[in-house]
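Heads up: the structure comes next, in structure tokens.
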Amino acid sequence: MSDILQALQVVLAERKAADPDTSYVASLHAKGLNKILEKVGEETTETILAAKDAELSGSTKEVIAETADLWFHCLVMLSQLDIEHTAVLAELERRFDLSGLVEKANRAK
């Protein structure tokens with residue numbers, strides 16, 4: 001799984017420096033963080049709606065597609081901020097055997 005994330009990170013780094021007229025990712029970077037965050041918000045909403053539809057219909061195709069869009073745009077956000085996906089994976093690994101309630105309480109301190 002992390003192979004695809006690594007490959008995406010490489011492509012996103014390349015596209016960050018690409019011509020905004022020929023690359024969607026470059027166009028997002030050229031517009032700045034606020035535009036990227038707008039896309040993350042838009043994809044979040046679409047993912048939520050797709051999940052609600054999936055619960056009713058039993059079809060998961062759209063929720064999978066929208067989640068992929070959301071994850072992709074989160075990776076673009078990380079790229080804009082010069083954060084590697086491995087930092088997020090390390091944080092998930094750190095939390096792996098930790099109760100969600102304990103982890104949340106620790107953040108409040």
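Here the sum of -39500 (n - 2.57) over DSSP H runs of 4 or more residues, divided by the residues of the chain, equals -26000 deg cm²/dmol at 222 nm, to the nearest 500.
The residues packed around A87, meaning those with a beta-carbon under 12 Å from its beta-carbon, carry a net charge of -3 if Lys and Arg are +1 and Asp and Glu are -1.
Only protein atoms count toward the accessible area here, which uses a 1.4 Å probe; on region 1-96, the carbon and sulfur part of that area reaches 60 percent. Given their separation in residues at 0.36 nm each and the Cα-Cα distance between them, N34 and A90 gain 17.6 nm when the chain is fully extended. Here mean projected area of the Cα convex hull in nm² was calculated from the structure, and among [x] 8.8; [y] 9.7; [z] 12.2 it sits at label [x]. Taking the Cα centre of each part, how many Å lie between region 1-19 and region 66-97? If you average the Cα positions of each part, the centres end up 12 Å apart.
In this view, the solvent-accessible surface of T86, computed with a 1.4 Å probe and all protein chains in place, comes to about 60 Å².
The values are calculated or read from the model by the stated rules, or taken from the named source; none is laboratory data. Please read these numbers as outputs of a predicted model, since none were measured by experiment. Glycine also receives a Cβ, built like all others from the backbone with ideal geometry; neighbour counts cover every protein chain displayed. Remember, those area values only see protein heavy atoms, side chains included, never the ligands or the DNA or RNA. Shrake-Rupley method; radii C 1.70, N 1.55, O 1.52, S 1.80 Å.
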